[in-house]
1. Expressed as a whole percentage, what fraction of the accessible surface of the range 14-78 belongs to carbon and sulfur atoms when a 1.4 Å probe is rolled over the protein heavy atoms?
2. Going by alpha carbons, how many degrees (0 to 90, nearest 10) lie between the helix axis of 104-117 and the longest principal axis of the chain?
3. Which lysines does K67 reach when only Cα atoms under 23 Å apart count, and residues fewer than 8 places away in its own chain are ignored?
4. Helix-derived [θ] at 222 nm for the chain: sum -39500 (n - 2.57) over DSSP H runs of at least 4, divide by residue count, nearest 500?
5. In whole percent, what relative contact order does the chain give with Cα contacts below 8 Å and a gap of six or more residues?
6. Where a ≥ b ≥ c are the square roots of the eigenvalues of the C-alpha gyration tensor, would you call the range 46-101 rounded, which needs a/c under 1.5, or, failing that, prolate if a/b is larger than b/c, or oblate?
7. How large is the translational diffusion coefficient of the range 1-63 in µm² per second when you combine the Kirkwood radius over alpha carbon pairs with Stokes-Einstein at 10 °C and 1.306 mPa s?
8. Residue by residue, what Karplus-based ³J(HN,Hα) values in Hz, rounded to whole numbers, does the range 11-28 have, using 6.51, -1.76 and 1.60 with θ = phi - 60° and x for Gly and Pro?
Amino acid sequence: MAEIVQQFISSMGHEVLNQRQARLDAGEKDKNDDPTFVKALLALHEKYLGVIRTDFDGHSVFQKALKDAFVDFVNKNVGNYTNAEFMSTFCDRVLKSGGEKLNEAEVEDNLEKVVQLF
């Protein structure tokens, strides 16, 4: 069952990568600042982390399936920049005043999500 969950989450992650690739193919400029992409990864992680915690009672086998699924696609880069560069730029943007216009709790929440993702 955990393997099926892992494959499903991995396929959802590859869809996020494919969406970024489609935007690049449509002519969007490739740059190391893509908050839409990073937010999509963070939302995906948060969604399935919640599923693992509630539906599978946080069982370690399913937590490992989640981790392995994210390792599978987060380490695949799309375009000229690595996903680590996107995460770094996103964190920099969140920490700078005026970048994302977030209050202190939202800044902490975003940074915690990025840390969980990696």
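The values are calculated or read from the model by the stated rules, or taken from the named source; none is laboratory data. Small disclaimer: the values here were computed from a predicted structure and weren't measured. Just the protein is used for accessible areas: all its heavy atoms, side chains included, with ligands, DNA and RNA removed. Shrake-Rupley method; radii C 1.70, N 1.55, O 1.52, S 1.80 Å.
1. On the way: 1880 of 3710 Å².
In the range 14-78, the share of accessible area belonging to carbon and sulfur is 51 percent.
2. Here the helix axis deviates by roughly 60 degrees.
3. K39, K47, K76, K113
4. Only helices count here, giving -25000 deg cm²/dmol.
5. For the chain, the relative contact order is 34 percent.
6. Because a/c hits 1.5 or more and a/b fails to exceed b/c, the range 46-101 counts as oblate.
7. D = 121 µm²/s.
8. Working through the residues one at a time gives 5, 5, x, 5, 5, 4, 4, 5, 5, 5, 4, 5, 5, 5, 5, 7, x, 5 Hz.
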